[in-house]
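The values are calculated or read from the model by the stated rules, or taken from the named source; none is laboratory data. Keep in mind that what you see is a predicted model, and the values were worked out from it rather than measured. Ideal geometry is used to build each Cβ from the backbone, glycine not excepted, and the neighbour counts take in all protein chains shown.
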Amino acid sequence: MKNAKSLTIAIVAPCYNEAEVLPTSIPRLMSLVDDLVSKHACSPDSFVVLVDDGSKDGTWDQIAHASQKFPNVLRGLRLSRNAGHQNALVAGLTYVTGKCDAVISIDADLQDDLNALPLMIEEHRAGAEIVLGVKASRADDPFMKTLTAIAFYKGMKWMGVDLVENHADCRLMSARALLNLSKFPEYVLFLRGLQPLLHGRISTVKYDLAPRLAGKSKYGLKKMLGLALNGITSFSTTPLRLISWTGALVFVVSLLFAVAALGKALSGETLPGWASITVPLYLLGGLIMLSIGVTGEYVGKIYMEVKHRPRFLIDEVAHIESRLDE
């Protein structure tokens, strides 16, 4: 078991246009760090990192002001542009690598139950290198969100991707897991799928989501679908195999139609013309376009990867000792 007194915890929270919620969430995060130090035997060097993902409101001003108010606890990273939630999270994880014994990632709206964080730390002390926060229930989610989430996890499991159901991005990662993460250079990172590759000792902690403190969720349907597509194309080639299987099936069916047509022609029967030609034509045309689209997703991902562009660029660091940390 790890020495509890020497366990430095970093908390990373990506922020995008969260000016409404930060006045409430920042004091709660500061209080959380105090509790971790005083009640859960964590190091007084524990700290919080807020990552501004190219916000267009007053998010950065609040982070910079809070870093001056809480210079020993709060640090801020300002990305040069909006890089997306996953890249903003990776920016924070990269920044804290080598500066802590474990990092916990949460959302800035603090819907993740803060009471679950000490439980995650205890799981880490018991030997887990990665501890996943799992939603205990989706009872409060809209019907469509619940339905699409179920379909996503079932589909990923069918395609052979090892995901923990109802886990988002609330997780604890040890210093060892962070170091392993730094060895994955791909441009498009799907962190939920990478976890089993980072370390084998993974544990879970269940909790209930709290209502959002203020503002609106920035993770709409379009972003969720994009995340799901990245997850599929990053960890499974099943869609490409489906194209091959579909092509083989269409070939067999077409061959049977050809044999049937030849048999009717030899017997002197005539086939209806319009339906027998038009329906297969549209069907095959749709399948070809779908196949090109699926293949294009993988080719596009290869195109993004081979350019080796940085996933994010840090524009500014808000911390009293930032020159020493960089």
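The table below lists the values:
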| read-out | value |
| --- | --- |
| The stretch 103-132, residues that are touching a Phe, Trp or Tyr at 6+ places or on another chain (Cβ under 6 Å), at pLDDT 90 or above and either surrounded by 22 or more Cβ atoms within 10 Å (Cβ to Cβ) or among the charged types (D, E, K, R) (or both) | none |
| Hits in the stretch 24-74 (condition: touching a Leu at 6+ places or on another chain (Cβ under 9 Å), aliphatic (A, V, I, L, M) and assigned to a helix (DSSP H, G or I)) | 26, 29, 30, 32, 33, 36, 63, 66 |
| Extreme residue, nearest to residue 191 (Cα to Cα), among residues of the stretch 312-326 that are in a loop (DSSP other than H, G, I, E, B) and modelled with pLDDT under 85 | 326 |
| Residue within the stretch 133-140 that is buried (at least 22 other Cβ atoms within 10 Å of the Cβ) and over 16 Å from residue 316 (Cα atoms) present | yes |
| Sole residue being under 16 Å from the mean Cα position of the chain (by Cα) and of a type in the set (Gly, Ala, Ser), chosen from 149, 175, 136, 128 | 149 |
| Residue satisfying all of: in the stretch 183-204; in contact with a helix residue (DSSP H, G or I) (Cβ under 7 Å, 6 or more places away or on another chain) and more than 25 Å from residue 122 (Cβ to Cβ); modelled with the highest pLDDT among these | 184 |
